[in-house]
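Worksheet for the structure shown next.
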Amino acid sequence: MTQNLLHLLNRLVPYPQEWLENTKHKQNGHPTPPPIAALECNSWEDLVSTWKDAMYWTDALDITLSSMMAVVASTKLQGDQVWLRIIGRAGTAKTTLCEAFSANTEYTFSMSVQRGFHSGDSRGGDNSLFSRMADKTVIINEGDTLLTSPTCGQTLSEMRDLWSGQTRAVYRNGVSYEYHGLKTTFIIAGTSTLRRLNRSAAGDRFLDCIISDGDCVTKERQLVTDVLANSLSSMMTESNGELASREDPRLMLAKQKTAGYINYIRHNVSVLMQRLAANPAGIPPTFVKNCEAMGLLVANMRTRPTGGDEDKTEKELHIRLSKQLAKAALCTTLVMGKATVDSEVMRRMAHVAEDTSYGNSFEVVKALFGKAMDVRSLAVAIRKSEEITRKTLATLLELDIVRTDQSQAASGAQGRGKTVYRLSVQAQTLLTHLRRLLKEPTAATSK
Amino acid sequence: MPKIDKEVPSVLRPFLFHGLDLRWEDVPEAVATCCFCDRESKLFVNKQTGQWNCRVCGVHGNAITFIRSLFEYSSIDHIVLEEVALERKVSPEVLQRWGFCQSAIDHEFLLPGFSLTSTEPRLDNLYRWTKAKGGKRRLYGTATMDATLFGMHLWDPAKPDVYICEGPWDAMALEDALSKHKWMEDGELHRTIDPEKSLLASCNIIAVPGCETFRDEWLPWLRGKNVSLLYDNDYPRKNRNNATVPPAGTYGMKKTGAKLHHAANSVKVLWWGDEGYDPQLPDGTDTRDMLTKHDTEPAAPAE
């Protein structure tokens, strides 16, 4: 037996590299390119500098990358889950970032076609995606298609179910399957149509990150020029199907390092979290207050009128949002390799809170900051019709975010003064808080 | 293996697969003799949900809990164990360690399979080692249940090396061999009787049910391990279109290795030759064959 065992052990050889390169998963007879292999990357600065080499890098992209990485890091942590929506116009590198994250197949699960997560009880077996999604971040990089999918409602209700970590499918043939303790986070990227994922459709589970909205025209032009210049060389190279020739090598490297950094973060998240908790200066005393303020602001801003005249506008409780923002902030700290939740981390969180608050209500609140305005001038300021402005103001009045006042009639004018709107003291304080966080020194990066 | 009618509701298939004398037609609930207390017509199975319970001994649950209870109630006769061990060329102790037993229902041989949650392995399948058409015994997983790993109940997270075999028999033979050998300082392989010093002390041995089966959820358990894949020496075959299908064992190692590449610390494969198979060895030669061939060599004295 000794010789046989020796003979067997001698036959063991390292996994041949060429096997890895030639592995093609045949689907419908069409070979798909090999997966992107992760490259070791243990430093946030290294990762960001690789991205800067690969494409025009803006502060919004930097914040998006750190937020996405924070979502991945938070996947197995206890407490409310952090789900992220990435919203940007076409061509703002949403898909590129999502592809980079999808390159790590161990900790992310990329979905392009959404037909729900439960499989149905075909052939008596359960082939649902939950077991494949467990402990991973699900990346849906064309989220717009989710909204046009005929099974959109079903997918979203299953997502809502997943939030609690348990889901069950009961089929009409009497078969049922239950899943408990699922830890799955979601990143959905898409254009602004994604905002139609409103409260009743799982939208309130997500924090938002907006790429490139608000960039000035000069920057936009610069972006286009740079992207075009960078892509010229790759336009002239034909792909032979191999990994190296698939796309711009710099972009490929950035994707590989992103996959490698995900490995690093997921392996070390517990250790890094313990280190942060053990550091007396790790979490500043103002942290909880800041997160609560941001949560409260977002909860107020996301409130939409609930319909009929008798309905009272329902505001979501801000506790979940505050918890999500706090968890995201802690994870962003780890992701950025920081020892403390510093002002830069909070600035990023304030951006996320601002992006999540996006909407008419927030536009009105921003316009009214430190001012009193009547409906007409407010409508002009936020570039909406007077009707929409009035409806928004009605909701904000109901939520005590704005209050009305009478302006004094101009000298010589007859009749009453005009009704003007101001922010309530609480709203004024919350917005001041957010602005202060946003104004912290930036690490804005560009090529 | 009990033949299951295609018309049977799928929730009843696991019970019938394990030989329960289930009567399900023209009755509101399927009924059988309880295999745990032997009371006739006392075990009821809901035809819609698959929930079952015994009205006498009170054991109840779903299909998974049924196979877990069945495994718990099953045992094996010592003489039968010796016979099987002799036939399979593995030691009876190893067979027992791997949970090999005879069904409490019809005395067919059973082997437990484990699925992996994030915290612990769970018995989620019970394989029957039963005679197939040609009279040769084969392992069949419980109807409607997912493929699972063998040997995960013996898993020790502290061990750095993992051997993954194609099928539990290979894994048992390998465990038998590794538990009796150790490396000497001069790089020689010697026999030992001390399991603490044997090669087994630093490795886990598990088995996949087939060379093409490897589920993504098993990956986290293999993170950072030195994994060796020991699949069979299969010859290439022709499919129905007369196209050549690559050697199944090597193809399986290639696919599994690609998945493990990012998770494991290192991946090794059993090299059967440049073409993916060794024509000098018979088709289907496996780890157990390799370890037990010409097993007439005089055993070196154990140290």
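In this calculation the C-beta distance from B:ASN265 to B:ASP156 is compared with R0 = 22 Å, giving a FRET efficiency of 0.85. Taking the Cα atoms only, what angle lies between the long axis of helix B:248-260 and the longest principal axis of chain B, rounded to 10 degrees? Tilt relative to chain B: about 90 degrees.
Label the range B:10-71 by shape, choosing from rounded, prolate and oblate, from the square roots a ≥ b ≥ c of the eigenvalues of the Cα gyration tensor; if a/c is under 1.5 it is rounded, and otherwise prolate applies when a/b is larger than b/c, oblate when it is not. In terms of gyration-tensor shape, rounded. Within 10 Å of the Cβ of each residue in B:267-276, the mean number of Cβ atoms contributed by other protein chains is 3. The modelled label-to-label distance for the pair B:ARG122/A:GLU40, using points 7 Å beyond Cα in the direction of Cβ, is 3.6 nm. Sorting B:LEU16, A:LEU431 from the fewest to the most surrounding beta carbons within 10 angstrom yields B:LEU16, A:LEU431.
Counting only Cβ charges, +1 for Lys and Arg and -1 for Asp and Glu, the dipole size of the range B:10-71 around its Cα centre is about 200 debye. A simple spin-label model places pseudo-atoms 7 Å from Cα toward Cβ; at A:GLN78 and A:GLU387 they are separated by 5.2 nm.
Can you list the trypsin sites (Lys or Arg not before Pro) in the range B:194-303 that are in a DSSP coil and have 12 or fewer other beta carbons within 10 angstrom?
Listed in order of number, the matching sites are B:ARG240.
In this simple spin-label approximation, B:GLU40 and A:THR432 carry label points 7 Å from Cα along the Cα→Cβ vector, and these lie 8.7 nm apart.
Of B:SER228, A:SER164, A:SER424, how do they rank once you tally other Cβ atoms within 10 Å and put the fewest first?
Least to most surrounded, the residues fall as A:SER164, A:SER424, B:SER228.
Of the residues B:SER115, B:LEU230, B:LEU81, the one whose Cα sits farthest towards the positive end of the charge dipole of chain B is B:SER115 (charges of +1 on Lys and Arg Cβ, -1 on Asp and Glu Cβ, taken about the Cα centre).
Listed by Cβ neighbour count within 10 Å, with the fewest neighbours leading, B:HIS18, A:HIS433, B:HIS78 appear as B:HIS78, A:HIS433, B:HIS18. Legend: distances between Cα atoms for A:LYS94/A:LYS183; A:LYS136/B:LYS159; A:LYS327/A:LYS371; pairs beyond 27 Å are A:LYS327/A:LYS371. Per-residue extension of 0.36 nm, minus the Cα-Cα distance of B:GLU185 and B:HIS60, leaves a gain of 39.5 nm for this segment.
Available extension along the chain between B:ALA243 and B:ASP274 is 9.2 nm, counting 0.36 nm per residue and deducting the alpha carbon span. A simple charge model with +1 on the Cβ of Lys and Arg, -1 on the Cβ of Asp and Glu and nothing else charged puts the dipole of the range B:153-303 at about 660 debye relative to its Cα centre. Isolated cysteines of chain B, defined as having no other cysteine beta carbon under 4.7 Å away, are B:CYS35, B:CYS101, B:CYS165, B:CYS203, B:CYS211.
Once the Cα atoms are used to define both axes, helix B:168-178 deviates from the longest principal axis of chain B by about 40 degrees. Per residue of chain B, the DSSP helices (runs of n ≥ 4 H) give a summed -39500 (n - 2.57) that works out to -6000 deg cm²/dmol at 222 nm.
All of the numbers you see were taken from the coordinates with simple rules; none came from a lab. Note that the structure is predicted; figures quoted are calculated from it, not measured. Neighbour counts run over all protein chains shown; Cβ positions are idealised from the backbone, glycine included.
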